[in-house]
Each structure stands twice: as C-alpha cells, then as structure tokens.
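Any read-out appearing in this document is the output of simple, stated calculations on the displayed coordinates, not a laboratory observation. Bear in mind the structure is a predicted one, so any value in this text is a computation, not a measurement. As a convention, Cβ positions derive from the backbone with ideal geometry for all residues, glycine included, and neighbour counts pool all protein chains shown.
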Amino acid sequence: MFNTILIANRGEIALRVLRTCREMGIRAVVAHSTADRDTPAVRLADESIQIGPPQPKRSYLNPAAIVAAALQTGAEAIHPGYGFLSENPEFAEICQAHGLTLIGPPPEVIARLGDKSSARAFAIEARLPVLPGSSGEVADPGEAKRIADEAGYPVVIKAAAGGGGRAMRVVRDPREFLPAFTATRREAVALFGDGRVYVEKYLDAARHIEVQVLADRHGDVIHLGARDCSIQRRRQKVIEETPPPGLPEKAIERLGELAVRAARTAGYVGAGTFEFVLDEDGGVYFIEANCRLQVEHPITEMVTGIDLVREQLLIAAGRRLGHAQPDVVPYGVALECRVNAEDPFRNFVPTPGLVTEFTPPGGPFTRVDTHVEPNLRITADYDPLLAKVAVWAPTRDEVLARMDRALGEFRIAGPGLCTNLPFLRDVLAHPLFRHAKHTTALVDQMMSAPLP
Amino acid sequence: MSQGMGQGGMSQDGLHGGLPPAGARPEELLAWIAGYAAELNTGAGPLRRIAITSGATAVEVEWATPEQAAPAPAAGDRAAAADPRAWQPGAPHPNGAAPAPPPAPPPAGPPAAQQAAPNGDTPAGPVPDAAAEDAVVISAPMVGTFYRAPEPGAPPYVEVGDMVEPGQQIGIIEAMKLMNPILAEQAGRVGEILVGDGTPVEYGQPLIVLRPGDTQ
C-alpha cells in the first residue's frame, strides 16, 4: 500500500479522498491553489503544498506543478478526484514517466474511452448498443448530413473532446444541420483546441442511467448497480438516485452485464462508470464512459456499504478485488442532491460570493459532503458546488421524505449568494418525479411551466 | 522589546547569543526556546504564541501588549502570509495547526528576531529587515526546486548586497527537469536570500528580498 498520496483536487472531493486516506493510515498531501489555502482539506492534510494561482490552468490543470508537488512531498500516487486532470491521458502518461501512480485507468484506456468519438467507435467494436449515428468522428459536412438524415431528427452534434454539455448542438430541422455542424466544430476548437465532432440521434425524453464498475489489475471486473441521473439542468446532473426507480431488476442486471463486458473489453482498471440512455420503448444505448470517481459515488456507497475511494486505492496498489459479484447486494434506496451556488430563475447562472451562514443538515442516514464553512468565499474560478446531500432509506417513499426534510434544514446565506435549494425541493415534489416517470426533459418542463 | 507586539524567527546572528545544541532533542529545543523567549520578553506583554518547525528550523514568537488582550485583527492572517518571515519552509500551512489567533502584521520597527535561513545559508552579519517599507519580495512563480547557481559548484547568481538590474537572473526553479530562470523585475540591492540552494519551494514562496531604494 502507498505511504503517501497527493490529492490533486479541491473542494468537497479533496476532503472526501483525504478522509479515506486517514482511515487507511495513508499520509495525505493536499495540492492547492492560492484561492484554496484556507480550506478544510488544506487544514486537515498531513501536508499541503501550494501549486499555483487561482486560475486552474496554472494550478489544478498544470501537470508540471502537480508532478513537481508529488515528487517533492514524497508522494507515490496521485488521486485526481473528478474534473481537472482526472481524465487526461497525457497527464496519466507524465505521471507514469515520473514513477508516480495515477489513481485511475492506464493512459491508453483513458485516451480511448475519454474521447467521446473513439468511445463510440469502441462501443461499436465491443458490440454495445449505440444510438444511430457516425461510427466515430466525422469531418466532412456532406457525410455528416447524410448520417444525420439516416439517423432521423433530432440529432446531436457533439465535440469528441467535449464534456459538461459544452460544444454540443441539437438539430431538429435538416435545413439547420450544416450551419450547426460548422458552429459546433468552431466551438470545439475554441473550447478544447480540438475540432473533431461526431453525430448521433438525440432522444428528447430519455432516462439517463449509469453503471458503476470496479476493475482490478488482474482482470476481475464487478458492477455495483446502476444510478439514475436523469435530473439535469444545462446537461449537468443535479439529482441522482440508486437503484433507478421504476426500472425492472432484470433491466438493471442487463445494464450491469453490458458495463462489465465493456470494462473487460477496454482493459479497464479502477473505479469507473458506463453511461446509457433508455428511450421510452425500453431501448438501451451506450453513450459514454467516465474514467474516474464520480460526483455521485456516495449513493452507491450507501446502498452497497463499499467505500469506493478505498477500493480505488487498493486497486491502484495492485490488490485483487475484495468483493465478488454475488457479494454485492445493494440494499435500500439512496438519493443525492447537488446544492449549488446558482440562480435557478436566471438559467442557473453561478452566484459567487461570501458564505456567512452555513448549517448543513444532520439526522439519520444523512450524509453531507462539503468543503464549505462560514466565511468561505465561493469564487468564480471553480464550479459552484457547495455541498452534496445524500440520504438513504429502505424504500423510495422514505428516501424522498428524508431528502425533503434534510434540504429543509439546510441554512446557507451570504450577500449576493443564491442557492438551488428551493428548486431541488420543487423537483422532489414534482408528480413526475414522485411517480418515477421523469426523463432528462423534466427540468426544462418545470422551467417553462412552473408549478402554481 | 520596545514595540508592543513582536513576531519573527531567529537566526544565527540574531539577538540571542547562540543556537540550540546541534541535534537537540525536542524537549531540549523547547527549553532553549522558552529561555530565549524569556530573555527577549523584557518590558513586553505576556508571551502569546510560539510556533516551532524543526526540519528547516523556523521559530515564531509572539507577544501580547498589556493593552492588547483582545484578539489580533483578523486582517493579520493575510498580512502574515504575505510576510516573508512568516513562511516556514516544509511546515504545515501557517493557518493550519496553529491554534492561536492569527498574528498581527509585523511592526514597523525592527522585529524581535530574524528568520533562520534554511540550511544556514544566510551569510554572517546583520540581516536586513524585510519588513522595511522599500522591500520587494521575489517569490517562486511555480512549484519546484530552487537553485541559486547555474550548476553545482558555480558561483551563485546573486549574493546579499549585490545590485541587480531589471530582468537579471537571480536563480532557477527546476520542475519536471525543466530549468526555469527566475528574474528580478526591478533594480535593487539583494537584502536577504530566504531559501537555500536545492530547496523545494511552493508556488508564491518568498525567495529573495530586494531593496529597490538602496542604490548606494
């Protein structure tokens, strides 16, 4: 096992990883920017090292700073958290070249699955069901148009290097395809320095389901069940639930098998997810893989009793999986809400500012992952996530009541600060959500026709 | 102590007669520091906080003035962080383990004692006061290893007392085998060299104190 791990991330996830390190007796070094020097992760760390100014490009996204920090603090491994460099194959290679273990899959697996167009090509090769569309990237506008016509509208044009809902366009009218194609390519170059795009059929109303997998270096792969991530705003998840409500156990089992097969085919190592969309007719399509720990991992931890960060570290250290598939028996229902500093009534724009009051909820089976405390300034340099509230209960009805109770207790205030807490409670109360009939379209439906 | 509140480290050439015994055990070091603090504590308020870092030997001592029993101003935290002598190489973050209230900004007068340079690299003789109004601190623009000379055995780029021109190289920071030159942005005299040759540095860590006004 490692003696020292460098945590190359910030916010709640830095704290999350740090806590498991401490429980395992591993020394944790927190790499931080100047903006994060007064945060709990830095205070709780066994050692901290300042790696750069607030701008991510010069700190959390700077491979040289992170590798130098790891080497000079004697870290043997780097935990990248999520976002930032967590799915960057070049960074994974640099770590390897410097004798550092990056906690995650090998560089070539990240390169193949992290890039959305090559992931699509991989899925076709691995015989995973994919939405109609191009078999990989498509450069010629005429060919792209033919593919779109064949798939049937609406279609979506997405950047291969994209993520977080950026550089993607939904096209409903064939006449709008060519201008949209050109615009998406231009945007992809501007945002990611990479103009490759691909085309696939777009589902207006779909369920977004992902499967959590664990794979060791010895070829063993298991899945830890599925999560429903259909509640999204601006194509980013806000509420996640496991098991996916209203989905037959058989369907979840089938998704699990598909994900395990995909992970085996890819030579996956570590914790990761394979994401699928389900259409109204029960059709299942692979959309992408995430080569990292996910924001919503706590709900899987709550129903399985498995600490995913601990598993990541054991796998990275070369251990065999401690669980066989039959040992994984999820129990009960868990729900997570992402509490963001944002204004739901102004298209969810972030509202940075000083937090003056911060009292998270407590109570039975209620977990709050947060880095926020009174007098912390939420800056525009990073994402507006304030806290993740996760609750567990034996049944879905109880879990919904528990989450509403927990969100109702949450006190967050500060000048200019706005949170999505009331909005989250509105979603919980929405009939479509209560009856598990919601799709990825729910938030848009709510915003265009708010409840009386 | 003439000023109400003192804060700083100590060096070989500080006010005190000598260093603690080499290789001193923690309790010996503590006894020595307690004695040293008592010696300095003439006329000032009660001792308020001592922070010790062994590794690179940095000591911070803080006194409260009789009229200053109340907590130090909150702004002091940031001020201390910007003060080169508050930096403790290799130590936990200054805002980390220290249970005491944040230290106040350094006084205008001479500080209680000077920071010990890592590796004993500071030359003999009185160490100029970095808190003086005209001091400019050159800080590390990146994480890496600081080198004072172009290669082992070569003369350092600068020594204390040297005049530097704008754009003149004062050291190197090596990160991932890339040698990044560190340049002075303005002219001045080298007042203090805060980091020893071959020392790992963090982003923003003060390296050298420059005195732009001292051109004589």
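Peptides A:350-358, A:128-136 ranked from most to least packed give A:128-136, A:350-358, packing being the mean of other C-beta atoms within 10 angstrom over each peptide's residues.
Spatially, region A:78-133 and region B:187-216 are offset by 43 Å when compared through their Cα centroids. Taking the Cα atoms of region A:200-334, the ratio Rg/Rh between the radius of gyration and the Kirkwood radius comes to 0.95.
The 3J(HN,Hα) values that the Karplus relation (6.51, -1.76, 1.60; θ = phi - 60°) gives for region B:188-201 are, in residue order, x, 9, 5, x, 8, 10, 8, 10, x, 4, x, 8, x, 10 Hz. Gly and Pro appear as x.
Mean per-residue shielding of peptide A:61-72 is 5, counting Cβ atoms of other chains within 10 Å of each Cβ. The calculated FRET efficiency for A:Asn3 paired with A:Gln236, based on their beta-carbon distance and R0 = 22 Å, is about 0.05.
Here is how the number arises for chain A: DSSP H runs of 4 or more residues each give -39500 (n - 2.57), the sum is divided by the residue count, and the result at 222 nm is -10000 deg cm²/dmol. Relative to the current alpha-carbon distance between A:Lys437 and A:Asp404, full extension at 0.36 nm per residue lengthens the span by 10.0 nm. Other residues whose C-beta falls under 11 angstrom from the C-beta of A:Thr304 contribute a net charge of -4, scoring Lys and Arg +1 and Asp and Glu -1. Dimensions of region A:351-433 based on its C-alpha atoms, expressed as ranges along the principal axes with the largest first, amount to 38, 26, 19 Å. This model, with +1 at the C-beta of Lys and Arg and -1 at the C-beta of Asp and Glu, gives chain A a dipole about its Cα centre of some 400 debye.
Calculate I(q)/I(0) for region B:136-212 by the Debye formula, one identical point scatterer on each C-alpha and no solvent, and give its log10 at q = 0.13, 0.17, 0.22, 0.23 Å⁻¹ to two decimals. Cα-only, vacuum Debye calculation for region B:136-212: -0.32, -0.55, -0.95, -1.04. A crude spin-label estimate for the pair A:Ala139 and B:Ala149, with each label 7 Å from Cα along the Cβ direction, gives 5.4 nm. Legend: calculated FRET efficiency, A:Arg425 to A:Thr395, from the Cβ-Cβ distance at R0 = 30 Å, rounded to 0.05, equals 0.95.
Distances between placed amide hydrogens fall under 5 Å for A:Leu376 paired with A:Val355, all partners being 5 or more residues away or on another chain.
Taking a straight line from the alpha carbon of A:Lys201, these lysines sit under 27 Å away, with near neighbours fewer than eight places off in the same chain left out: A:Lys116, A:Lys145, A:Lys158, A:Lys237, A:Lys250, A:Lys437. Mind running the shape call on chain A? Use the C-alpha gyration tensor, a ≥ b ≥ c as the square roots of the eigenvalues: rounded below 1.5 for a/c, prolate if a/b tops b/c, oblate otherwise. Rounded. With a ≥ b ≥ c the root eigenvalues of the C-alpha gyration tensor of region A:293-452, is it rounded (a/c under 1.5), prolate (a/b larger than b/c) or oblate? It is oblate, given that a/c is not under 1.5 and a/b is not larger than b/c.
Out of A:Gln212, A:Thr34, A:Leu131, whose Cα points farthest toward the positive end of the dipole of chain A (charges: +1 Lys, Arg; -1 Asp, Glu; placed on Cβ)? The residue sitting farthest along the positive end of the dipole is A:Thr34.
For B:Gly204, the amide hydrogen comes within under 5 Å of the amide hydrogens of B:Ala140, B:Met142, counting only partners 5 or more places away or on other chains and with H modelled in the peptide plane.
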